[in-house]
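Beneath this line is the structure, given in structure tokens, with notes to follow.
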Amino acid sequence: MPELPEADAARRRIADTCLHRTIAGFTLGEVTHVDLPSEAERARLIGTQFSQTRRHGKYIFAGSKDGPWMHIHLGMSGSLRVYDDGDTPPDYARLTVVFEGDRRLTFRDPRKFGHVKIVEDVDDFIAAKGLGPDAMQIGDNAFAQVIGGTRGAVKSALLDQGKLAGVGNLWSDEALYRTGIMPDTKASDLGSDRIAHLHRAVQDIMGHVMEKNADYSQLPRDWLIHNREAGAGCPRCGGTITKKTVGGRTAYHCPDHQTA
Ligand SMILES: [Zn+2]
């Protein structure tokens, strides 16, 4: 499921290939249960250009200073594909932005949990959604307050988009694995040093994934992601990777070195 680094890679794809091109129209795939802009909303974008992109947590935006903005949420399995007319279009296409000339931008979504919306103002949208600060932007003190101040499980705190926007199941497990913290430890029981360590781990891990454009094969071999199954050997301590349910989510961890 796409998290902050995967959403950022998708945002970058728009920034690198789709800016300053006039939108000529849209085509829709066979649409069922996918939340897409209405015809009237789509019409507002025709004739305009995307001149900038933004991302907050897992939320992607493309638009211009005065709006409106196209907002994309990748959901469980969505992705963005850029191609040129004449190339084979992607499967599971839900909405395609047709730019003047050959360029096309497609939102594909096999499992149909993502959405595309038109929003007037990005900051207003983020506030109305109740999203916390972006996980790559949050400072030490704010992180200590929102995560360290939580009485529930630390993994659940990291996943709560209202506290911190952008961290999901995969990268919360990776950060806890790196810092030796058990996923169900009460966040408020962790000392300030451990909370600061966790903050650095979250940003370092997601920064690294962004640097590699979310290509997991380029991530270091001793990361949990390459060994993320029950019974796998732990490359850090030789222990055994185990899974347990924390706050309704599956947490992979190594009980031999995640002891805090
Ligand atoms: Zn271990």
Measure nothing fancy, just the Cα-based angle from helix 4-17's long axis to the longest principal axis of the chain, in degrees from 0 to 90, nearest 10. 30
Of all DSSP beta bridges located in the chain, what percent are antiparallel, nearest 5? 95
Give me Rg/Rg_expected for the range 140-253, where Rg uses Cα atoms only and Rg_expected = 2.2 N^0.38 Å with N residues. 1.01
Of all GluC sites (Glu not before Pro) in the range 165-260, which ones are in loop regions per DSSP and have a Cβ with at most 14 other Cβ atoms within 10 Å? E229
Compute the distance in nm between two label points, each set 7 Å from the Cα along the Cα-to-Cβ direction, one at D204 and one at E229. 2.9
Relative contact order of the range 94-208 (C-alpha contacts under 8 Å, at least 6 apart) in percent is 25
Just from its helices, what would the mean residue ellipticity at 222 nm be for the chain, if runs of 4 or more DSSP H residues each count -39500 (n - 2.57) and the sum is divided by every residue, rounded to the nearest 500 deg cm²/dmol? -8500 deg cm²/dmol
What translational diffusion coefficient, to the nearest whole µm²/s, does the range 11-103 have by Stokes-Einstein, given a Kirkwood radius computed over alpha-carbon pairs, a temperature of 20 °C and 1.002 mPa s viscosity? 155
Cα→Cβ-extended label distance, 7 Å offset, between T240 and S192, nm: 4.0
What three numbers, in Å, describe the spread of the alpha carbons of the chain along their principal axes, ordered from the longest? 57, 36, 31
If you take the beta carbon distance between A142 and R54 as r and set R0 to 22 Å, what does 1/(1 + (r/R0)^6) give as a FRET efficiency, to the nearest 0.05? 0.65
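Bear in mind that the values in this text are calculations on the coordinates, not laboratory data. Note that the structure is predicted; figures quoted are calculated from it, not measured. Glycine gets a Cβ as well: all are built from the backbone with ideal geometry, and neighbour counts include every protein chain shown.
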